[in-house]
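Q: Take a look at the following structure, please.
Only the coordinates and a few stated rules stand behind these numbers; no lab work does. Model, not experiment: these values are computed from the prediction. Virtual Cβ from ideal backbone geometry, glycine too; neighbours counted across all protein chains shown.
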Amino acid sequence: MIYKKTIKLLIFLFVLIMLSHCTGAYKEGIPSYREAKSDNLPDDIGQIEEILRNNPDSSIRAKAHLQLALLHSSYKNPNPNYQLALKELENYMSVEPAGGMNEDIQNFLAILREMDKMLEENKKMKQRMGQLTKENKDLKDAVLQLKNLDISMEEKRKKAK
């Protein structure tokens, strides 16, 4: 009888300990992207980055990477950084490979990768546009010089007659 009560007590304690470990992420206070507000986003991001630096628990770190990815790409973020969001999502998937099998995560990853490609193409186009603008200015200067030279030559011809 005492043996059964001891086993039940041990099982209860074991379950209680396991449940307390499961709530570790909530004890850490990882801000959720759903609860984030635009004016508090930098603080939330800083808090999550602090958790990443100081928490050795890989499941909490994985959740933190995912939350950072969501915060960096959130519509609530006045300065979204899709490249950082992509980096954090890839970090999440390296820490939590099973989470990376989730279809929503795969869709999010595909969108962020496409955004990254588009941002790189946009950057290259802006550089090319800058080059073309400079070349256009140089051509305008050359045309102006030719025009001035033509006027000068015409004046010399008139004097020569």
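Q: If you go through segment 93-103 one residue at a time, do you hit one that is in contact with a Ser or Thr (Cβ under 7 Å, 6 or more places away or on another chain), in a helix (DSSP H, G or I), under 20 Å from PRO31 (Cβ atoms) and aliphatic (A, V, I, L, M)?
A: yes
Q: Just to verify a result, which residue in segment 74-103, among those that are among the hydroxyl-bearing types (Ser, Thr, Tyr) and closer than 21 Å to ILE60 by Cα, is surrounded by the most Cβ atoms within 10 Å (Cβ to Cβ)?
A: Among them, the one singled out is TYR92.
Quick grid of which residues meet (1) aromatic (Phe, Trp, Tyr); (2) in contact with a helix residue (DSSP H, G or I) (Cβ under 6 Å, 6 or more places away or on another chain); (3) over 30 Å from PRO31 (Cα atoms):
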site: ILE45; (1), (2), (3): no, yes, no
site: ASN81; (1), (2), (3): no, yes, no
site: ALA85; (1), (2), (3): no, yes, no
site: GLU88; (1), (2), (3): no, yes, no
site: GLU114; (1), (2), (3): no, no, no
site: ASN148; (1), (2), (3): no, no, yes
site: LYS158; (1), (2), (3): no, no, yes
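Q: Looking at LEU86, LEU68 in this structure, which one is closer than 16 Å to GLU114 by Cβ and part of a helix (DSSP H, G or I)?
A: Checking each option against the conditions leaves just LEU86.
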